[in-house]
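Accompanying notes for the structure given below.
Every read-out reported here was derived from the displayed coordinates using simple, explicitly stated rules and does not represent laboratory data. Since the structure is predicted, the reported quantities are computational estimates derived from the model, not experimental observations. All Cβ positions, even for glycine, are placed from backbone atoms using ideal geometry, and neighbour counts span all protein chains on display.
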Amino acid sequence: MRIRLALVLGFCVAWISVASAVDDNAPFARLKALIPPGEKVAFCLTRSYDSEHLKAHPKQQVTKLVLSVRYVPLSEEDAILESRADGGTDKRYFRYDFTLAANVREEKHTLYAGGDCSSAQGIGCGVDCDGGGFDIEPIAADMDSILMRLEREHGGFIRMTIGCDGGGHEYNLRAGEDDTVFKLDKAPASVCETMKADYDKLVQ
């Protein structure tokens, strides 16, 4: 009995040591926990605000959001060079990117933005060509819901446009009194696939 108890306690101590050795602030650790690496792995989230909610929040511009974040493997040719503290470089063979669709009161058409995501102490996504960005915070252990946050105190915004040249139309979705934090829920992959197809048509 003592031997068995010692083995169990030894296993528990070893497991705790391994778990504590995992650096949750390591680059991309939080993103990998949310979206594990793999071919065609993506996370789809959405939120639509009904008329009652919008009536209760008259200053909120956003009426609907669809967010897709995906893991993208990279070839040797496309690998990203990263600097090390010792002055050397490493190659990273993956990236995380996002596509965001938004509907707002002021615009008739759906607005789009795209860019890359990274993580250390938190998860942040930035729009291509210095177009602002947002943070992502999982709020459930099963990762079925997140908070998408614009930093209002820092003049946060997301430039909604197709490409860096403006794509013919540009709208800055700015953090405001009722447009700072959005709760998005996990959605079927088909929702984001449809959104991404519409986005790709505009890019072409």
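Scanning region 20-59 for residues that are surrounded by fewer than 13 Cβ atoms within 10 Å (Cβ to Cβ), within 23 Å of G114 (Cα to Cα) and more than 16 Å from the chain's Cα centre (by Cα) yields G38, E39, S48. Test V62 against the criterion of being buried (at least 17 other Cβ atoms within 10 Å of the Cβ) and closer than 17 Å to D178 by Cα, and give yes or no. Yes. Cβ-Cβ contacts under 6 Å between residues 6 or more apart (or on different chains), taken from a first residue in region 104-132 that is closer than 9 Å to M160 by Cβ to a second residue that is exposed (fewer than 15 other Cβ atoms within 10 Å of the Cβ), are absent. Being surrounded by fewer than 16 Cβ atoms within 10 Å (Cβ to Cβ) and either β-branched (V, I, T) or out of contact with any Leu (no Cβ under 8 Å at 6 or more places or on another chain) (or both) is the filter here; which residues of region 183-202 pass it? Of everything in region 183-202, those that are surrounded by fewer than 16 Cβ atoms within 10 Å (Cβ to Cβ) and either β-branched (V, I, T) or out of contact with any Leu (no Cβ under 8 Å at 6 or more places or on another chain) (or both) turn out to be P188, A189, S190, E193, T194, A197, D198, D200, K201, L202.
Filter region 194-204 for residues that are assigned to a helix (DSSP H, G or I) and free of Cβ contacts under 8 Å to residues at least 40 places away in the same chain and give the result. Once the filter is applied, which keeps residues that are assigned to a helix (DSSP H, G or I) and free of Cβ contacts under 8 Å to residues at least 40 places away in the same chain, region 194-204 yields T194, A197, D200, K201.
Condition first: assigned to a strand (DSSP E or B) and among the aliphatic types (A, V, I, L, M). Can you find one or more residues in region 46-55 that meet it? Within region 46-55, not a single residue is assigned to a strand (DSSP E or B) and among the aliphatic types (A, V, I, L, M). For A26, the conditions (1) assigned to a loop (DSSP other than H, G, I, E, B); (2) free of Cβ contacts under 8 Å to residues at least 40 places away in the same chain are fulfilled apart from (2).
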